[in-house]
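Before any comments, here is the structure.
Please treat every number below as a calculation from the coordinates, not as lab data. Keep in mind the model is a prediction, meaning the values are calculated, not measured. Here the Cβ positions follow ideal geometry from the backbone for every residue, glycine too, while neighbour counts run over all protein chains shown.
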Amino acid sequence: MSCGSYKQGGFGGEQGTHALELISYNFVPFRFLATCTRDAEKRWSKMGVVYVEGTVTGPTGKQATVNFLVDSGAMYTLVPRKVWRAIGLKPMDSIKCFLADGTGVERKVSECGISLPQGQRSTPVLLGEKDDEALLGAVTLEELRLVLNPFTRQLQPMRMMLA
């Protein structure tokens, strides 16, 4: 993988399309950044990373506040292990997920209430393992009828279509 300016089909280099996949999942591996020039690193540091504070609620009503990384490239919301155990979530089943680099990982699935400043809903969640970071995924965003505005880096109401 190489750093370079954006071209149709990806960044410069043979594996340019992989760079686009990584961008779409908001994941930039350290080994990739380590190969970039200082100018390219500065461009990457301006990439929009958005966090939102939310409250998750378990089946018994226990709650915890979580700082979620908004990741519209992730299908499901991920709740860190320490949090889901504290609010009493139980696994309902499991699913194989793929990281941006193509690595497959197995995660258990549950359901919980989630409350953001823009609203609250019940949503399926992945139960994180050690060192997993809290992610707010596309399913939860859609259930809350929210989209991430990439220019303002804010969550805003989704334009609903009935067509």
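What is the extension gain from residue 65 to residue 51, computed as 0.36 nm multiplied by their sequence separation minus the C-alpha to C-alpha distance, in nm to one decimal?
Answer, rounded to one decimal: 3.8 nm.
Calculate the spin-label point distance for residue 115 paired with residue 160, positioning each point 7 Å from the Cα along the beta-carbon direction, and give it in nanometres.
2.2
Using R₀ = 41 Å, calculate the FRET efficiency as 1/(1 + (r/R₀)^6) where r is the Cβ-Cβ separation of residue 101 and residue 151; round to 0.05.
0.90
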